[in-house]
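The values are calculated or read from the model by the stated rules, or taken from the named source; none is laboratory data. Source: prediction; values computed, not measured. Here the Cβ positions follow ideal geometry from the backbone for every residue, glycine too, while neighbour counts run over all protein chains shown. Remember, those area values only see protein heavy atoms, side chains included, never the ligands or the DNA or RNA. Shrake-Rupley method; radii C 1.70, N 1.55, O 1.52, S 1.80 Å.
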Amino acid sequence: MTINHWINGSEHESSDGRTFDTVNPWTQSAWTDVAEAGQGEVDDAVGAARAAFDSGPWARMGFGERGALLHALADLIDEHIDELADADTTDMGKPLSAMKVKDVPRAAQNFRFFADHARLTAAEAYPTDSGHHAYSRYEPAGVVAAIAPWNFPLMLESWKIAPALAWGNTVVLKPAEDSPASASILARLATEAGFPDGVLNVVHGFGPDAAGEMLTQHGDIDRITFTGESNTGRAIAGAGASNLVPVSLELGGKGANIVFADADLDEAVNWSNKAVFTNAGQVCLAGTRLIVQRSIYDEFVSRFVESASAMIVGDPRDAATQIGPLSSRTHFEKVSGFFDDLDPAAEVLCGGVADDGSWAVHPTVIVGSPDDSRICRDEVFGPVATIAPFDTEEEAIAMANSTKYGLNAMLFTENVRRAHRAAAALRAGTVWVNCFFVRDLRAPFGGVGWSGVGREGGNFSREFFTEPKAVVMQP
Ligand code: NAD
């Protein structure tokens with residue numbers, strides 16, 4: 001059954017019948033084909049979103065009514081957990097158990113959170129000396145183009161769509177070409193939940209010279225929200241600049257993880273493992289650059305290697321599997337390339353590329369690689385950690401900050417003063433102290449430098465997805 005576009009409340013094939021395959025990375029064979037959008041489908045989707053925004057009820061609904069529809073969609077996501085979990089696992093190889101426990105529930109939570117946040121957030125009023133009544137209004141921006149990656153397909157799509165819709169915008173989503181299935185299910189469920197036609201549209205296809213570029217360069221969109229690689233972010237920023245459309249960019253990362261000698265070592269090993277190996281390391285927030293104080297270095301390395309080696313790699317549908325294959329042949333080859341290009345000083349303590357013909361990479365720990373080597377500088381986006389020792393806090397902070405990326409950092413210490421000092425000194429959008437991946441959806445989310453432009457989450461999403469307006473009234 002072909003995965004089709006969802007435009008103006010119903011399923012559509014491409015007008016020229018063009019399709020592409022989507023491959024299950026565990027079986028390594030195409031499991032279905034996907035309609036590939038051309039300019040006609042992108043125009044239709046943007047046109048439907050524009051009409052729904054300009055003339056439909058959506059942008060004019062009260063927050064309570066729109067929020068109720070978002071809650072209805074969240075309930076349908078919960079009811080269709082098996083179908084949605086299966087879609088992403090089949091498309092990109094993530095363990096089914098993780099989909100059911102984390103990704104799908106979090107997608108539902110995103111819709112509930114932003115529905116409630118939009119309804120409950122107050123706007124500002126400004127007391128003036130002159131007695132004028134001055135206040136802000138947060139009005140929907142219009143048609144939002146959302147471009148998503150394949151690493152958390154449903155979850156990251158909902159992270160973009162939910163605030164955009166909650167604030168009264170309409171959306172055209174282009175999911176990643178490697179993970180199209182869950183987006184089409186989501187759009188179908190939105191229509192089932194009662195969303196007016198044209199409010200949420202999905203077009204499938206590739207990025208450069210294809211649907212992604214056609215959408216981001218379209219003259220009738222009002223916002224671009226993008227998550228993906230930093231280089232793609234540059235291209236998308238250019239598309240936004242040419243039409244003067246605001247762009248939110250959530251890009252790559254090379255997260256540092258500092259373990260101080262006074263850390264609780266059990267906790268540090270446990271969280272550091274999760275931070276690197278969750279989702280086979282295909283996580284923008286992965287804490288892949290471990291920086292460990294010299295006095296505990298040997299013990300930490302030995303315990304970390306033990307925990308990495310114990311992880312179960314295999315079929316993502318097996319309940320016991322912790323790490324599935326990488327998401328595609330292309331990505332597997334990209335990650336494998338790092339192993340072919342290691343510095344002579346680097347020592348691989350465990351892991352490496354699977355030798356069974358699968359596209360899996362076993363949890364890998366590398367020591368001894370110079371700070372400026374490729375494996376320590378570039379985003380690998382696979383289950384690969386490098387570890388380096390440090391002596392002083394200043395040195396650790398300097399090492400952590402020595403990259404162009406700045407999405408997140410972690411630190412492990414039992415010293416509360418050090419924790420606050422280091423959190424302030426780290427150049428990153430998020431700092432986790434003695435934990436990883438814990439999110440408060442009101443908090444700013446985004447990155448510094450090559451890791452992004454802008455912030456989303458809570459009021460930060462409101463700023464991006466609305467046109468704040470000042471109203472001043474004569475007393
Ligand atoms: P990617 O940049 O290759 O693709 C992302 C999306 O952009 C896809 O839908 C693709 O089709 C589209 N695209 C590609 N070129 C385009 C263009 N010129 N114009 C318009 N659209 C285009 O990224 P990916 O490989 O899918 O995802 C992995 C990357 O995403 C990693 O770098 C990771 O760190 C990053 N990421 C960041 C965050 C974050 O929140 N900061 C979250 C998840 C992933």
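Some points to look at:
- Residues that are buried (at least 17 other Cβ atoms within 10 Å of the Cβ) and more than 16 Å from Ala145 (Cα to Cα), drawn from segment 23-46: Val23, Asn24, Pro25, Trp26, Val34, Ala35, Glu36
- Considering residues of segment 186-211 that are in a helix (DSSP H, G or I) and in contact with a strand residue (DSSP E or B) (Cβ under 9 Å, 6 or more places away or on another chain) only, the residue nearest to the ligand (Cβ to nearest atom): Ala211
This table checks each residue for (1) in a strand (DSSP E or B); (2) on the phi < 0 side of the Ramachandran plot; (3) open to solvent by less than 20 Å² (accessible area, probe 1.4 Å).
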| residue | (1), (2), (3) |
| --- | --- |
| Ser14 | no, yes, yes |
| Gly17 | no, no, no |
| Asp21 | yes, yes, no |
| Glu65 | no, yes, no |
| Ala68 | no, yes, no |
| Ala98 | no, yes, no |
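- Filter result for Pro105 (closer than 21 Å to Ala181 by Cα and in contact with a helix residue (DSSP H, G or I) (Cβ under 7 Å, 6 or more places away or on another chain)): no
- Number of residues in segment 389-421 that are out of contact with any helix residue (DSSP H, G or I) (no Cβ under 7 Å at 6 or more places or on another chain) and part of a strand (DSSP E or B) equals 3.
- Counting the residues of segment 149-161 that are out of contact with any Ser or Thr (no Cβ under 6 Å at 6 or more places or on another chain) and open to solvent by less than 10 Å² (accessible area, probe 1.4 Å) gives 5.
- Only one entry of Asp88, Asp75, Asp44, Asp54 meets the criterion of being touching a Pro at 6+ places or on another chain (Cβ under 6 Å) and acidic (Asp, Glu), and that entry is Asp88.
- Checking each residue in segment 422-475 for being within 16 Å of the ligand (Cβ to nearest atom), of a type outside the set (A, V, I, L, M, F, W, C) and over 30 Å from Ala261 (Cβ atoms) picks out Pro444, Gly446, Gly452, Gly454, Arg455, Glu456, Gly457, Gly458, Ser461.
- Complete set of residues in segment 192-211 that are open to solvent by 50 Å² or more (accessible area, probe 1.4 Å) and in contact (Cβ under 8 Å) with a residue 24 or more places away in the chain: Glu192, Asp197, Phe206, Pro208
- Condition check for Ala162: within 20 Å of the chain's Cα centre (by Cα) and under 25 Å from Leu441 (Cβ atoms): yes
- Any strands (runs of 3 or more DSSP E) falling wholly within segment 212-320 and containing at least 1 residues that are more than 12 Å from the ligand (Cβ to nearest atom), open to solvent by 20 Å² or more (accessible area, probe 1.4 Å) and at pLDDT 95 or above: 289-293
- Of all positions in segment 443-463, at least one carries a residue that is in a helix (DSSP H, G or I), open to solvent by less than 10 Å² (accessible area, probe 1.4 Å), modelled with pLDDT of 95 or more and among the polar types (S, T, N, Q).
- Count of segment 126-144 residues which are open to solvent by 70 Å² or more (accessible area, probe 1.4 Å), assigned to a strand (DSSP E or B) and either touching a Gly at 6+ places or on another chain (Cβ under 7 Å) or free of Cβ contacts under 8 Å to residues at least 12 places away in the same chain (or both): 2
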